[in-house]
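To start, the structure under review is shown below, and the notes come after it.
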Amino acid sequence: MTVEVTRLENGLTVVTDNMSQLETISVGVWVNTGARHESPRQHGVSHLLEHMAFKGTKRRSARAIAEEIENVGGHLNAHTAHEATAYYARVLKNDLPLAVDLLADILQHSAFDAEELERERGVVIQEIGQSLDTPDDLVFDHLLEAAYPGQPMGRTILGTVDTVNAFDRDALQGYMDERYHAPGMVLAAAGAVDHQALVALGRDRFSALPNRRSNGAELAVFRGGERREERDLEQAHVALAFEGPAYGDPDYYTSQIFASVLGGGMSSRLFQEVREKRGLCYSVFAYSWSFADTGILGVYAGTSPDDLAELMPVIAGEITRLGEDATEEETARARAQMKAGLLMGLESSSSRVEQIARQYAVHGRVLPIDEVISKVDQVDAAAVRRFASRFLSKSSPAPALAAVGPLKGAGGGLESYERLAARFA
């Protein structure tokens, strides 16, 4: 696999990874803007804009966009995150010009038709309603709100019914004019792609993009705290988080290994102790999320209200114990799982294009796989133990806690935030 990078005259970066054994190409545009770049009145506009991009341009209707990509058996989609919005397609290799033309059209010439906006506004409001009815998703929104109170990082990606209802065509076009600039965008492709061919397409089709940089995001500060929502459900959904490392932090890979040892698979400590030994829940796992300037090291569990009183002390105990007695055997197993996941991802053009685009956006370069594997291999049990002391020290921010569901049960239910936080003091 060969990664090539070219920066065009208007600041757009073209990144490719040739996978010559394939007959298909995954291609997309990653825009350096997302939920954390929004002002309070813009809350949810990134996501609505992503939806509206497929609803017609100055020369294509929404139906024409769908038919053109499906006429060649291709697939067109998008997603919004806190720090980026991605628009991407997967097509046969000979259909790359069509895919790039469609992407360029929706990102530069969207019509934002009033009738289409009303329909899609309703769709997004339904999506907000669905998220509110999905407690195992909602609890993570509450967790970010508790971790980053009053900050863009703590707001949901979808927005609220009120903010979405307030957006008109001018709001969408204004946000696109404000944030969709060539220097903050990456045109990336992986698969049976010729780099120079994509460079030529990028230069020809994206010439209307402004050559200026957008403002950065407000600095995120992890503060910790809690957000509880009592609901009449069968299960209580609980998420606990500590401040984790940002993308460029030296502990980035250590955090990934720590989360894997703690709750990354069936052999992990949480799975074995909480589910297999004690039978306290069906789903329990740990994870590490990183952003440009902050991160989250978290644990999720779904359980019955009667088991909450026992569950949380057990989780707290496993977290602190891992910081004391992490072993080389379990650390090596976590390294193997992480490396296997990385290498398996290289076999998928969709996974690979996502990886190279995000790496370039975050690091300003695509990280060689050998470099990544080397950094993973450097994480030993001592590094895992040291990392635990980083977020469990007295100088670290307090943890964040979110819970949704029936939070009172036999034995007292979910303990107070103060008592839980004290378990890590």
Of the numbered conditions (1) within 28 Å of S348 (Cβ to Cβ); (2) of a type outside the set (D, E, K, R); (3) in contact with a His (Cβ under 6 Å, 6 or more places away or on another chain), G159 fails exactly one; give the number of that condition. (1)
Looking at this structure, is R203 more than 27 Å from the chain's Cα centre (by Cα) and at pLDDT 95 or above? yes
Might you let me know whether segment 306-318 holds any residue that is in a helix (DSSP H, G or I) and under 24 Å from the mean Cα position of the chain (by Cα)? no
Looking for something under 26 Å from A220 (Cα atoms) and either touching an Asp or Glu at 6+ places or on another chain (Cβ under 9 Å) or among the basic types (K, R) (or both) - is there at least one such residue anywhere in segment 103-116? no
Give me a count of the residues in segment 117-127 that are open to solvent by less than 80 Å² (accessible area, probe 1.4 Å) and either in contact (Cβ under 8 Å) with a residue 40 or more places away in the chain or more than 22 Å from D170 (Cβ to Cβ) (or both). 7
Cβ-Cβ under 6 Å pairs, at least 6 apart or on other chains, segment 391-412 side in contact (Cβ under 8 Å) with a residue 12 or more places away in the chain and within 23 Å of D141 (Cβ to Cβ), far side in a loop (DSSP other than H, G, I, E, B) and open to solvent by less than 50 Å² (accessible area, probe 1.4 Å): P397/F222; P397/G224; A398/G224; P399/G224; A400/G224; A403/L414; L407/G413; L407/L414
Checked pairs for segment 40-56, first among the acidic types (D, E), second surrounded by fewer than 24 Cβ atoms within 10 Å (Cβ to Cβ) and not in a helix (DSSP H, G or I), C-beta under 6 Å and 6 or more apart or across chains, list as E50/A78; E50/T80
Residues of segment 26-40 being touching a helix residue (DSSP H, G or I) at 6+ places or on another chain (Cβ under 7 Å) and not hydroxyl-bearing (S, T, Y), which ones? V27, G28, V29, W30, V31, N32, G34, A35, R36, H37, E38
If I go through segment 57-83 residue by residue, how many of them are small (G, A, S) and either touching a residue at least 24 places away in the same chain (Cβ under 8 Å) or crowded, with 17+ Cβ neighbours inside 10 Å (or both)? 4
Within segment 354-383, track down each residue that is closer than 20 Å to T80 by Cα and of a type in the set (S, T, N, Q). Q355, Q359
Could you list, in sequence order, all residues of segment 318-337 that are surrounded by fewer than 21 Cβ atoms within 10 Å (Cβ to Cβ), out of contact with any Lys or Arg (no Cβ under 8 Å at 6 or more places or on another chain) and not charged (D, E, K, R)? T327, A332, A336, Q337
Counting only residues that are in contact with a helix residue (DSSP H, G or I) (Cβ under 7 Å, 6 or more places away or on another chain) and in a strand (DSSP E or B), how many does segment 6-17 have? 6
Identify, please: which residue in segment 39-70 is touching a strand residue (DSSP E or B) at 6+ places or on another chain (Cβ under 6 Å) and either in a helix (DSSP H, G or I) or polar (S, T, N, Q) (or both) and is, among those, nearest to I25 (Cα to Cα)? I69
Within segment 216-236, restricting to residues that are assigned to a loop (DSSP other than H, G, I, E, B) and more than 21 Å from the chain's Cα centre (by Cα), the one that is surrounded by the fewest Cβ atoms within 10 Å (Cβ to Cβ) is D232
Among the residues of segment 155-212, write down those that are surrounded by fewer than 16 Cβ atoms within 10 Å (Cβ to Cβ), of a type in the set (A, V, I, L, M, F, W, C) and not in a helix (DSSP H, G or I). A208
In segment 356-395, the residues that are assigned to a helix (DSSP H, G or I) and of a type in the set (D, E): D370, E371, D377
Among (1) under 30 Å from V221 (Cα atoms); (2) over 26 Å from the mean Cα position of the chain (by Cα), the one test that G298 misses: (2)
Selected residue (criterion: most open to solvent (accessible area, probe 1.4 Å)) from residues of segment 396-425 that are assigned to a loop (DSSP other than H, G, I, E, B) and aliphatic (A, V, I, L, M): A425
Look at A388 and say whether it is more than 30 Å from M19 (Cβ to Cβ), out of contact with any strand residue (DSSP E or B) (no Cβ under 7 Å at 6 or more places or on another chain) and open to solvent by less than 40 Å² (accessible area, probe 1.4 Å). yes
Pull up segment 84-116, narrow it to residues that are open to solvent by 20 Å² or more (accessible area, probe 1.4 Å) and either hydroxyl-bearing (S, T, Y) or part of a loop (DSSP other than H, G, I, E, B) (or both), then point me to the one that is nearest to G184 (Cα to Cα). Y88
Give me the residue from segment 349-383 that is of a type in the set (S, T, Y) and open to solvent by 40 Å² or more (accessible area, probe 1.4 Å) and, out of that set, farthest from T2 (Cα to Cα). S374
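The values are calculated or read from the model by the stated rules, or taken from the named source; none is laboratory data. All values reported here derive from a predicted model rather than from experimental measurement. Note that each Cβ is placed from the backbone with ideal geometry, even for glycine, and that neighbours are counted across all protein chains shown. Please note that ligands, DNA and RNA were not included when accessible areas were found on the heavy atoms of the full protein model with its side chains. Shrake-Rupley method; radii C 1.70, N 1.55, O 1.52, S 1.80 Å.
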